[in-house]
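Single-structure report; data block below.
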Amino acid sequence: MQTSQTFQQPAGQQPAYTQQPASLKKEKNAIGAALLSFLFTGSGQVYNGETGKGIGILIGAVIGYFLFVIPGVLVIIYGIYDAYTTAQKMNKGEIPFVEVSTGKIIGFIIAEIVILAIVIFIFAALLYEMNDYSSYYY
């Protein structure tokens, strides 16, 4: 026989509470993500846990600068916008929240600075060589 009574499990067998209370919910700082991306191209994506996208935006900006300055600037502007909107979507629960260590973000920024320094050094050396050889023709 079935009755209309509900059966409750004993307290020890209740399923564990898996969702975080609203007060403990972690959020991304959307303005911080945009600022990181503005200062160091691609680092806002790394902050949001999208390292591959951050590397892609950095490479796209560098290639854009080599082709012509405007494409590089457009890629950087897109990176800032994307970092901001992705952080907002994570906060709203539209996409999964990804935890990222501060060390990973700092490592990305250091790698970007080192790569930029190497590129500047190579260009300076090439310009020096071009100017040095041009003096032989006068």
*Quick one: if you stick a label point 7 Å off each Cα along the C-beta vector at residue 67 and residue 25, how many nm between them?*
4.0 nm
*How many nm separate the modelled label positions at residue 100 and residue 88, each set 7 Å beyond the Cα in the direction of the Cβ?*
1.8 nm
*State, to one decimal in nm², a quarter of the convex hull surface area for the C-alpha atoms of the range 28-133, i.e. the direction-averaged projected area.*
6.8 nm²
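Computed from the coordinates by the stated procedures, all read-outs in this text should not be read as laboratory data. The shown structure was predicted, so the numbers you read here are calculated from the model rather than taken from an experiment. Glycine gets a Cβ as well: all are built from the backbone with ideal geometry, and neighbour counts include every protein chain shown.
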